[in-house]
Amino acid sequence: MNFKKSLLMTLVSGALLATTGQALATNGYMLHGFGKNKALGGSGSANPQDALAVANNPAGMVFVGNRSDVTAEIFLPYRGYKFKTQTEVESESHMFGLFDGYFVIPAMGFNWMMNENTSIGYALYGAGLGTDYNENDTTSLNTNGLTILKDCGQNGQLCQNTATNLNSIDGDSSTNNFQVVNDELVYKPSQPVKGTYADGPTGIDLLLLLNNFSIAHKISNNLSLGAGFIIAAQSFKSKGLLLFKELSQEPDKVNSKGRDWAFGYGMNMGMLFKPVEDVTLSFSYQTEIELQHKEYTGLFADAGRLNFPQNANFGVAFHTSDTSVFTFDVQWINWSGVPSIGNKFSSSNESQGGFNVSNLGSTPGSVGVAEFNAMGSENGAGFGWKDSTVFKLGLQWKFSEESDAIFRVGYSHQDQIVPGSETLMGLLAPGVIQDHYTAGFTYDISDESEFTFNFFYAPRAEVEGQPVSFSQGVEYIYLEEYGFEFAFALKSK
């Protein structure tokens with residue numbers, strides 16, 4: 001393998017990933033797979049085949065040999081929302097300000113065998129999500145308003161008290177953006193401004209880069225162990241979030257603060273075990289990575305912490321013949337363990353950290369918003385996501401042992417992680433995808449190089465806004481995705 005070429009591939013891929021824009025979401029905001037296992041529905045942790053296997057289980061790196069992999073995925077997401085009585089809105093897609101409608105998402109990995117039993121490696125891969133809504137796609141809320149709370153109590157007094165408190169949060173009660181209309185609490189800005197939240201163009205942009213430095217060691221022919229040290233860099237920016245500014249304990253740390261970077265570190269570790277011939281088991285775990293956005297301490301719960309969640313994976317590979325492998329994985333992602341992701345925005349379940357709008361009206365004018373789970377507080381509002389349990393299946397085969405081509409198909413499924421009660425904030429990050437259908441192939445160009453193509457389709461998934469507070473005006477949010485990935489690898493025996 002030409003290591004100068006490998007280094008060049010690494011640097012180019014890393015630079016592209018560092019400047020890639022929003023919209024990486026598939027399972028929540030994690031990619032459904034990495035490298036060749038993308039075409040296996042994200043399964044294959046027990047059958048490592050490239051230098052991006054470290055993202056699934058670092059113990060597999062000792063089996064992939066000396067190699068360098070670079071991938072580039074053309075990603076086409078279609079996501080948006082529909083407010084009741086209004087037309088459907090789709091998020092715009094921009095990359096580098098040059099490409100409209102799609103993104104190019106690179107990743108890379110490098111592995112070096114120190115000896116036949118030990119390897120060290122490095123991989124750079126990502127996660128993220130984003131939306132960008134045109135202000136002209138949503139008419140001014142000044143006309144009809146957006147219903148925040150329907151259960152107003154006797155004669156609407158609860159809503160009246162709540163409106164009084166909310167309008168006084170920023171010290172300027174003259175704005176009166178929260179009003180009582182027909183015994184309902186309505187967000188109705190006093191000035192007619194277009195946009196999702198009556199604040200012009202609206203959206204968020206989240207990009208997470210994971211640098212994984214790994215080591216793997218083969219204890220025996222049937223057992224290997226591995227660990228990766230992860231350095232994470234995460235960027236975030238928002239716009240058009242005036243509504244949330246008025247619900248925050250730090251209104252000046254919510255919106256339009258520019259791109260803010262957060263850095264953290266963690267580990268992933270795993271093992272591969274072959275209990276019997278032709279069967280391999282994979283176990284892996286990744287720690288939670290703390291990432292605090294200091295410019296957005298009024299938006300994210302727990303003082304701006306948007307941590308990358310802990311997750312675990314179990315996989316099995318059955319070598320059903322000399323030319324075919326069946327793979328099955330189960331992945332668990334602990335979204336609910338991160339307050340800014342798992343806390344509810346609706347007030348339907350206060351114990352889950354929902355913004356308790358009912359209590360805001362209990363003692364008019366006498367209590368500050370910070371005592372009521374305001375945004376930015378430890379139990380402040382979040383996206384309300386449930387934990388993911390993702391089931392992944394894959395089949396890989398060759399038509400003959402002498403063939404230069406390997407083919408793959410796969411499928412994955414997870415239950416819906418976005419509750420209908422969380423759609424008002426959820427339209428910023430509509431991570432509602434449940435199914436992935438995948439296919440791909442690898443062709444050996446020579447003994448030292450190969451080309452891989454992966455495809456996935458995630459059919460449109462919708463979540464209807466439930467008739468509870470904070471989602472009253474949202475009819476549904478939706479997401480549909482397509483991905484075409486091209487990969488090139490240099491390798492040696």
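The values are calculated or read from the model by the stated rules, or taken from the named source; none is laboratory data. Just so it is clear, the structure is predicted and the values come from calculations on it, not from any experiment. No Cβ is skipped: glycine too gets one built from the backbone with ideal geometry, and neighbour counts run over all protein chains shown.
Mind listing whichever residues of the range 432-447 are part of a strand (DSSP E or B) and among the charged types (D, E, K, R)? Before the answer, list the steps.
At the first step, the residues of the range 432-447 found to be part of a strand (DSSP E or B) are 435-446.
Result: D435, D444.
Looking only at the range 308-329, count how many residues are buried (at least 23 other Cβ atoms within 10 Å of the Cβ) and in contact with a helix residue (DSSP H, G or I) (Cβ under 8 Å, 6 or more places away or on another chain).
Summing the residues that are buried (at least 23 other Cβ atoms within 10 Å of the Cβ) and in contact with a helix residue (DSSP H, G or I) (Cβ under 8 Å, 6 or more places away or on another chain) in the range 308-329 gives 2.
Looking only at the range 453-466, decide whether some residue is acidic (D, E) and crowded, with 24+ Cβ neighbours inside 10 Å.
Quick first cut of the range 453-466, residues acidic (D, E) only: 462, 464.
If we keep only those that are crowded, with 24+ Cβ neighbours inside 10 Å too, we end up with none.
No, there is no match, as no residue in the range 453-466 is acidic (D, E) and crowded, with 24+ Cβ neighbours inside 10 Å.
Taking F283, is it touching a residue at least 24 places away in the same chain (Cβ under 8 Å), of a type in the set (F, W, Y) and closer than 30 Å to F326 by Cβ?
Against the criterion (touching a residue at least 24 places away in the same chain (Cβ under 8 Å), of a type in the set (F, W, Y) and closer than 30 Å to F326 by Cβ), F283 qualifies.
Please go through the range 28-66 and pick out each residue that is part of a strand (DSSP E or B) and crowded, with 24+ Cβ neighbours inside 10 Å. It would help to see each step written out before you state the result.
Restricting attention to the range 28-66, the residues satisfying the condition of being part of a strand (DSSP E or B) are 30, 66.
Within the range 28-66, just M30 meets the criteria.
Taking the stated definitions as given, is F399 surrounded by fewer than 20 Cβ atoms within 10 Å (Cβ to Cβ), at pLDDT below 95 and touching a strand residue (DSSP E or B) at 6+ places or on another chain (Cβ under 8 Å)?
On the way: surrounded by fewer than 20 Cβ atoms within 10 Å (Cβ to Cβ): yes; at pLDDT below 95: yes; touching a strand residue (DSSP E or B) at 6+ places or on another chain (Cβ under 8 Å): yes.
For F399, the condition - surrounded by fewer than 20 Cβ atoms within 10 Å (Cβ to Cβ), at pLDDT below 95 and touching a strand residue (DSSP E or B) at 6+ places or on another chain (Cβ under 8 Å) - is met.
I'd like the full set of residues that are under 14 Å from G440 (Cβ atoms) and of a type outside the set (K, R), limited to the range 388-411. Steps first, answer last, please.
Within the range 388-411, the subset under 14 Å from G440 (Cβ atoms) is 394-398, 405-411.
Across the range 388-411, the qualifying residues are G394, L395, Q396, W397, A405, I406, F407, V409, G410, Y411.
Got at least one residue in the range 384-398 being part of a strand (DSSP E or B), under 22 Å from the mean Cα position of the chain (by Cα) and among the charged types (D, E, K, R)?
Residues of the range 384-398 part of a strand (DSSP E or B): 388-397.
Keeping just the survivors that are under 22 Å from the mean Cα position of the chain (by Cα) gives 388-393.
Then keep just the ones that are among the charged types (D, E, K, R); that gives 392.
Checked against the condition, which is being part of a strand (DSSP E or B), under 22 Å from the mean Cα position of the chain (by Cα) and among the charged types (D, E, K, R), the range 384-398 yields at least one hit.
Can you go through A72, A127 and tell me which one is under 25 Å from the mean Cα position of the chain (by Cα) and at pLDDT 90 or above? Talk me through it step by step, then tell me what you get.
Working: A127 fails: at pLDDT 90 or above.
None of the other options fit; the residue is A72.
Go through the residues of the range 362-381 one by one and say whether even a single one is modelled with pLDDT of 85 or more and over 14 Å from D302 (Cβ atoms).
No, the range 362-381 has no match at all.
For the range 449-472, which positions are modelled with pLDDT of 95 or more and of a type in the set (D, E)?
E450, E462
For every residue, the table says whether it meets (1) surrounded by fewer than 23 Cβ atoms within 10 Å (Cβ to Cβ); (2) under 24 Å from N57 (Cα atoms).
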{"site": "L281", "(1), (2)": "yes, yes"}
{"site": "E295", "(1), (2)": "yes, no"}
{"site": "G298", "(1), (2)": "no, no"}
{"site": "A301", "(1), (2)": "no, no"}
{"site": "R305", "(1), (2)": "yes, no"}
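Taking the range 109-138 as the region of interest, how many residues are surrounded by fewer than 17 Cβ atoms within 10 Å (Cβ to Cβ) and part of a strand (DSSP E or B)?
Number satisfying all stated conditions: 4.
Consider the range 215-230. How many of its residues are over 16 Å from A46 (Cα atoms) and surrounded by 21 or more Cβ atoms within 10 Å (Cβ to Cβ)?
2
Give the number of residues within the range 303-340 that are touching a Ser or Thr at 6+ places or on another chain (Cβ under 9 Å) and closer than 12 Å to G44 by Cα.
13
Can you confirm whether the range 243-256 contains a residue that is in contact with a strand residue (DSSP E or B) (Cβ under 7 Å, 6 or more places away or on another chain), within 22 Å of Y197 (Cβ to Cβ) and without any contact (Cβ under 8 Å) to a residue 24 or more places away in the chain?
yes
Output the residue which, of all residues in the range 418-448 that are β-branched (V, I, T) and over 21 Å from Y482 (Cβ atoms), is surrounded by the fewest Cβ atoms within 10 Å (Cβ to Cβ). Even if it seems obvious, please write down each step before you answer.
Here is the first cut: in the range 418-448, the ones β-branched (V, I, T) are 418, 423, 432-433, 438, 442, 445.
Add one more test, that the residue is over 21 Å from Y482 (Cβ atoms), and what stays is 423, 445.
Working: T423: 29, I445: 11.
Looking at the filtered set, the residue picked out is I445.
Condition test on S412, is it more than 24 Å from N134 (Cα to Cα) and buried (at least 24 other Cβ atoms within 10 Å of the Cβ)? Break it down into steps so the answer makes sense when it comes.
Details: more than 24 Å from N134 (Cα to Cα): yes; buried (at least 24 other Cβ atoms within 10 Å of the Cβ): yes.
Yes.
Across the range 378-394, what is the number of residues that are within 26 Å of T327 (Cα to Cα), in contact with a Ser or Thr (Cβ under 9 Å, 6 or more places away or on another chain) and buried (at least 19 other Cβ atoms within 10 Å of the Cβ)?
3
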